[in-house]
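Beneath this line is the structure, given in structure tokens, with notes to follow.
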Amino acid sequence: MRPMSDRPTPSAATRGAVHRSGFACFVGRPNAGKSTLTNALVGTKVAITSGRPQTTRHTVRGIVHRPDAQLVLVDTPGLHKPRTLLGQRLNDLVRTTWAEVDIIGFCLPADQKVGPGDRFIAKELAEVRKTPKVAVVTKTDLVDKKTLAEQLVAVQQMATDLGFEWAEIIPVSAVSGAQVGLVADLLAKLLPEGPPLYPDGELTDEPEQIMAAELIREAALEGVRDELPHSLAVVIEEMIPREDRPADKPLLDVHAYLYVERPSQKAIVIGAKGARLKDVGTRARKQIEALLGTPVYLDLHVKVAKDWQRDPKQLRRLGF
């Protein structure tokens, strides 16, 4: 087990000239801190985060560039007991990702005891024989040292009970930054030798339209009822530069639809006299402008797609 430490990690020069590259995915129950950790390691926002579980719906790749390694992080949806066709497809996406990466990082929050959901995932991981598995105990800023120590022991015991070993057990706080650098060091060490897979400076391979849609969905998820997160999908219909604009004053027109399953949900998203949708647009526009580095005109519309989470045709149309 890795103790919490603020000691500086060795430089690339002291580790030799070998370069490593490859893919690591973070898995875990919904809301285990996977997206927050991905963003902290990359150093910028490439995955949306929310206090609501099951926020992530795509495998988002964030790229960590180091002198000694290039680590491509695949942030996956939370593995859960599916209640809809969408849930089944998200779980399939997680399992497919496991088969394609070089390292699997299992995120377990320090402030929640190891439970049946964690054991279910660990049991599935035990079947993935050859891929190194790293336990990442997240959200350490929320607990005291005694609670953290008990969680580290429980995580170790879970693997022992299932007959496999963790390559590493690492406590980390993505929010405070404690041990984020050590996570990167230890994951990089487990990668195969190889040249960089992406150009220097590239932070994600996620298409800009998908990222913009995710930022809109993140803004729409803030402060809504529990029923809405799973029922909300966002599709960018069009993203084009405004014509006849001076070169020094560009404007990007982004037209997006927010899809919900019932008229009552549409009313929630729009709010009284459209106030809530306007607020969503304001917050999402600022995030999209920061992402793309250009002024944006954001046009949002809300549509009802009845029971889209259970309808194969509508799931395809919405990108699932």
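The values are calculated or read from the model by the stated rules, or taken from the named source; none is laboratory data. None of the values given here were measured: they were computed from a predicted structure. Here the Cβ is made from the backbone with ideal geometry for all residues, glycine too, and neighbour counts use every protein chain on show. Accessible surface is based on the protein model in full, side chains and every heavy atom, while ligands, DNA and RNA are left aside. Shrake-Rupley method; radii C 1.70, N 1.55, O 1.52, S 1.80 Å.
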Quiz prompt | Partners for residue 249 among lysines (Cα-Cα distance below 20 Å; same-chain residues under 8 apart left out) | solution = 286
Quiz item: Residue separation times 0.36 nm, minus the C-alpha to C-alpha distance between residue 99 and residue 153: what's the value?
Solution: 16.7 nm
Self-check item: Charge tally in the Cβ shell below 11 Å around residue 71, where Lys, Arg are +1 and Asp, Glu are -1, residue 71 excluded
Solution: +1
Practice problem: With N denoting the number of residues in region 134-293, provide Rg(C-alpha) divided by 2.2 N^0.38 Å, to two decimal places. | Solution: 1.45
Practice problem: With a cut-off of at most 14 other beta carbons within 10 Å, and DSSP calling the residue loop, which GluC sites (Glu not before Pro) in region 137-200 qualify? Please list them. | Solution: 165
Exercise. Using label points projected 7 Å from each Cα along Cα→Cβ, tell me how many nm separate residue 286 and residue 124, to one decimal.
Key: 3.7
Quiz item: Leaving out same-chain residues fewer than 8 places away, which lysines sit with a Cα under 21 Å from that of residue 133?
Solution: 34, 113, 123, 189
Quiz item: What share of all Cα pairs of region 259-302, in percent, falls into each consecutive 5 Å distance bin?
Solution: 5, 23, 26, 19, 14, 9, 4, 0
Practice problem: Give me the accessible area of residue 71, 1.4 Å probe, in Å² rounded to the nearest 10. | Solution: 0
Quiz item: Could the peptides 235-244, 112-121 be put in order, highest first, of the mean number of other beta-carbon atoms found within 10 Å of their residues?
Solution: 112-121, 235-244
Quiz item: So how far, in whole Å, is the C-alpha centre of region 258-305 from the one of region 153-193?
Solution: 38
Quiz item: How are the C-alpha pair distances of region 209-310 spread across 5 Å bins, as whole percents from the shortest bin up?
Solution: 2, 13, 24, 24, 16, 10, 6, 3, 1, 0
Quiz prompt | Cα-based reach from residue 306 at 25 Å (exclusive), listing lysines while leaving out same-chain residues under 8 positions away | solution = 81, 266, 273, 278
